[in-house]
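Data first, discussion second: the structure below is written as structure tokens.
Readers should treat all values here as calculations from the given coordinates under stated rules, not as data from a laboratory. Quick caveat, the model's predicted, so the values are computed rather than measured. In this analysis, Cβ positions are derived from the backbone assuming ideal geometry, glycine residues included, and neighbour counts consider all displayed protein chains.
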Amino acid sequence: MEAFGRRPTKRISLAYQNLVQVPDKILKSECGFEAEELDLTSNKITSNFTFLLDLPFLHTLILDRNGITSHAQFPQLSNIQTLWVNHNKISNLGIFITRLCKSFPNLRHLSMMNNEAAPSYFNGGTFMQYKDYRHYVISHFPDLITLDDGAVDKQERSEAERIYASIVPARRPSVK
């Protein structure tokens, strides 16, 4: 039964499969084509994300624990609103965020916890490094609602935009 008149989300989980790529048979199936959420947690997918082009309705992508680096390239997908890349090998925040802005311009929820590029108390970062990381990321995504485990409030967004106004490219209106 559908809760409150909404249809259920079509979700594919390929977590913990030791995959280096997503099998074509999944992508070519009706379930794959219609997928809105894809969970690839704990696999070995580090690059070659072109398979995402075969998932036109995808809005949530979970890539935790895959060995993804700062140089990962994703196709441009304006439908992606949620991206989790926790526990990967992302070390250069500038490179990674620049690529994400181009690939996922309408991102609303991003989680990068336990990556070198996302300093926090838990991975040896200072409070100031953590705040700067948040400001940098928030300044690049005008529609971001949550970053890691915390909501983005108006005051934090204003501060982020003030700090990084000179380096963030002019924003085009988001596609909703």
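Quick notes
- Q73-M128 pseudo-label distance in nm [points 7 Å out on the Cα-to-Cβ vector]: 3.7 nm
- Relative contact order of the chain, pairs being alpha-carbon contacts under 8 Å that are 6 or more residues apart, as %: 14 percent
- Within the shell defined by Cβ-Cβ distances under 13 Å, the residues around F122 carry a net charge of -3, with Lys and Arg each +1 and Asp and Glu each -1.
- Residues S42, S166, S120 arranged by fewest to most Cβ contacts within 10 Å: S166, S42, S120
- Computed from backbone phi with θ = phi - 60° and the Karplus coefficients 6.51, -1.76 and 1.60, the 3J(HN,Hα) list for the range 15-27 is 5, 6, 10, 6, 7, 9, 7, 7, x, 4, 4, 5, 5 Hz; x is used for glycine and proline.
- Cα convex hull volume per residue for the chain (Å³): 132 Å³
- Between K154 and V20, the simple spin-label model (points 7 angstrom out along Cα→Cβ) gives 5.2 nm.
- Charge context of R157, other residues only, Cβ under 12 angstrom, K/R +1, D/E -1: -2
- Order of L40, L14, L83 - criterion: other Cβ atoms within 10 Å of each residue's Cβ, fewest first: L14, L83, L40
- Helix-only mean residue ellipticity at 222 nm for the chain, each DSSP H run of n ≥ 4 adding -39500 (n - 2.57), per residue, nearest 500: -7500 deg cm²/dmol
- The C-alpha atoms of the chain define a longest principal axis, and helix 127-140 lies at about 60 degrees to it.
- Principal-axis tilt of helix 154-164 within the chain, Cα atoms, nearest 10 degrees: 70 degrees
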